[in-house]
Amino acid sequence: MSDLVQPAPLALHIPLRRKLSLAASYARERVARQVRAVAFITGYLALFQLFVLRAPILDFAQIALGILAVVVGLAFFMEGLFLAIMPLGERCGLRLPARVGLGLLIAFAAVLGITATYAEPAIGFLKAQGSATLPWRAPLLYFLLNRGAPLTIGAIAAGVGVAVVLGLFRSMRAWSLKPFLFTTIPLLLALSWWAARDPRTAAIIGLAWDSGGVTTGPVTVPLVIALGIGVSRIAGRGDEPSGGLGVVTFASALPVVMVLLLGLALAPRFPLPGEAEAFFAPERHALSVRVAGGEEAFRRLAAETLPPDQLAARLGPAPEEPPAKSGPRRFFPRSEVRAHVGRAVKAILPLAAVLLFALRAVIRERLPHADEVALGLVFSLAGMLLFSYGMERGLSTLGNQAGRTLPRAWEPTERPDKAIVYPRVDERLLVRAVRPDGSVAEYLPTADRNGPAFVPFVRERYDAAKAEYRWIPEEGPVAGGAAFWGYALVLVFVFVMGVGATVAEPSLNALGITLEELTTGTYKRSFLLLTVALGVGSGMAVGFGRILFAWPLVPLLAGSYLVALALTVFSSEEISAIAWDCAGVTTGPITVPLVIAAGLGIGQRAGVAEAFGVVTMASVFPIIAVLLSGFLLAVRRKALDWENAPDAAPPLRRAKP
């Protein structure tokens, strides 16, 4: 009897129109997910600026195009992660610990942490904020955000690499997270206190602490957790959902150490903070050129700051430059496109190369679904390119504008868009009046439909040759005359922004599911979202309050983290790991850039030398909130257990006579 011949599988034929329809539906769902993550915070900022602060949005077309690029870029980037980076990372994390020795595993963990940091979408945003810092007010900070940005990002990446190694040992040896916290956090506070003693390094404390929130994004967190779970399985603890927890805490804390140490090492080579006149003085030329990042950058700063007569006197005649090409400004200048392409390639390809090398040369497995991996890498590169462009042109500009317009809530604001030019002005018409302090004010009599009026006369806006005066009207504070209500309005605005941005953060849902499993359903995911959101909103309000009222950062950090450590002492290991990991996952690739840009914008208006630290406060307050909620749930569980306990035996009754 002949063998039965198995029929060949039938090929599924799908018409082209159906294929396009399925692809369009899939793309809509992915883009809609990113729209939900971006829409609230960007719409909230724009509407608040337009209708509450009554300030126009400048360069609206550029900002809109930038936000569109962010949405599409994030959709491509996340899809590329799911197709290429995440499958490779999970396969390496789950199989590498069983195939190699401890030394090679440590090396792989360190390289993975470093390369994953460079691939984080928000890490390049720090370099884009260098122009928001005044070099004479914070020389070392300006250098670390401009010419020294590669050193800063390298220190952050090194911190994450060490953090992943420590997380690996924790998963392997079942170390408790608490000793690490009780050792590292006091060390960070001591380093911050030491840095605050020197005016040069005091300005980098906020940047150092904020770097911990920038590193823990959609690339680093899944990769290091997958590696931690793989090591936990090899160590015989694979059934514990907490096997991969705690690594995010390490990755949030150790970059702070590295940036602080970098600043302390570089500080002796930089001048003390001062004013612009001292910065451009001839005797400090060499130091100032070092801060600016070269002679050309120093001259550019001088041209933007000094009047023309002082510029020529101090620096001599400027070198001749070729005439600029006329024409409309392009949305995609070639130089910027090349820079963003190079940034995307440097971010994605090293990480992919590390994972592919580990898979082929170490684990010795074939590349699964090579076509999907190749497509995922292309998507990741395209997404990083669009996201980087949109962040610089859209979200960063919107956040900075929002920060600059927030002082309208408590102070009068000039409206250049409503300026009026008065022709044929004769100085003999001016009216002079004496102020209570003895100074003399000048006014120009004018007339309109409502009759005569007196306009304040500012000499700097009067063109004597043309006999024209340009008057810029002022609008009173949005919140009324009292500055208290203006400050209160801003802090409420920031609180709502923090709550809304956190609720839209997708990485919190995964953490909520883990916590629900750990507590067998007692701690609900929705309760975690609400708790963390309230913590982030409160922390952002405190961070902006620090900028507005010039509060010192180190006492705020010390007080907040000491409270968190005290609560950790009495919390369980699982709740502690979840709470401290919340500090990293709450700061996503959209929230961090917008918050930092808004903080720097309001800091420039308030005259603050540095305005970092908001992300730090938005990270520590969720820790406190989750730890407190753990105590509340423990009390509630005990009360329910007591209510559901079997009734005790009835008391003995005295027999009737």
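The values are calculated or read from the model by the stated rules, or taken from the named source; none is laboratory data. Quick caveat, the model's predicted, so the values are computed rather than measured. No Cβ is skipped: glycine too gets one built from the backbone with ideal geometry, and neighbour counts run over all protein chains shown. Note: areas computed on protein heavy atoms with side chains; ligands, DNA, RNA excluded. Shrake-Rupley method; radii C 1.70, N 1.55, O 1.52, S 1.80 Å.
Placing a pseudo-label 7 Å from each Cα along the Cα-to-Cβ vector at ASP59 and TRP175 gives an inter-label distance of 4.5 nm.
A prolate overall shape is assigned to region 357-397, the ratio a/c of its alpha-carbon gyration tensor axes (a ≥ b ≥ c) being 1.5 or greater and a/b exceeding b/c. Rounded, prolate or oblate: which fits region 81-192, taking a ≥ b ≥ c as square roots of the Cα gyration tensor eigenvalues, rounded meaning a/c under 1.5, else prolate when a/b beats b/c? Oblate, because a/c is 1.5 or more while a/b does not exceed b/c.
Excluding ligands, DNA and RNA, the accessible surface per residue across region 54-154 is 35 Å² with a 1.4 Å probe. State whether region 531-574 is rounded, prolate or oblate according to the following rule on the C-alpha gyration tensor (a ≥ b ≥ c being the square roots of its eigenvalues): a/c under 1.5 gives rounded; otherwise a/b larger than b/c gives prolate, and the remaining case gives oblate. Since a/c reaches 1.5 but b/c is at least a/b, the shape of region 531-574 is classed as oblate.
For region 422-476, the Stokes-Einstein estimate of translational diffusion at 4 °C and a viscosity of 1.567 mPa s comes to 106 µm²/s, using the Kirkwood hydrodynamic radius over alpha-carbon pairs. Packing order of peptides 552-558, 593-599, highest average first: 593-599, 552-558 (average count of other Cβ atoms within 10 Å over each peptide's residues).
Orientation-averaged projection of region 73-128 equals 4.5 nm² [convex hull of Cα atoms, one quarter of hull surface area].
Taken over region 140-205, the alpha-carbon convex hull comes to 69 cubic angstrom per residue. Shown in residue order for region 145-162 are the 3J(HN,Hα) couplings computed by the Karplus curve 6.51 cos²θ - 1.76 cosθ + 1.60 at θ = phi - 60°: 9, 10, 5, x, 4, x, 5, 4, 5, x, 5, 4, 5, 4, x, 5, x, 5 Hz (x for Gly and Pro). Coupling constants for region 350-357 follow from the phi torsions by the Karplus curve (6.51 cos²θ - 1.76 cosθ + 1.60, θ = phi - 60°), and in residue order they are x, 5, 5, 5, 4, 5, 5, 5 Hz; glycine and proline get x.
Show me, bin by bin at 5 Å from 0, the whole-percent P(r) of region 42-97 based on Cα pairs. Calculated P(r), rounded to whole percents: 4, 16, 15, 14, 10, 9, 9, 8, 7, 5, 3, 1.
Backbone geometry of region 65-71 corresponds, through the Karplus equation with coefficients 6.51, -1.76 and 1.60 at θ = phi - 60°, to 3J(HN,Hα) couplings of 5, x, 5, 4, 5, 5, 4 Hz, x marking Gly and Pro.
Descending by average beta-carbon neighbour count within 10 Å, the peptides 177-188, 68-79, 458-469 line up as 68-79, 177-188, 458-469, the highest first.
Within region 458-491, name every residue whose backbone N is under 15 Å away from a label modeled 7 Å from Cα of LYS418 along the Cβ vector. Output list for this probe position: 471-480.
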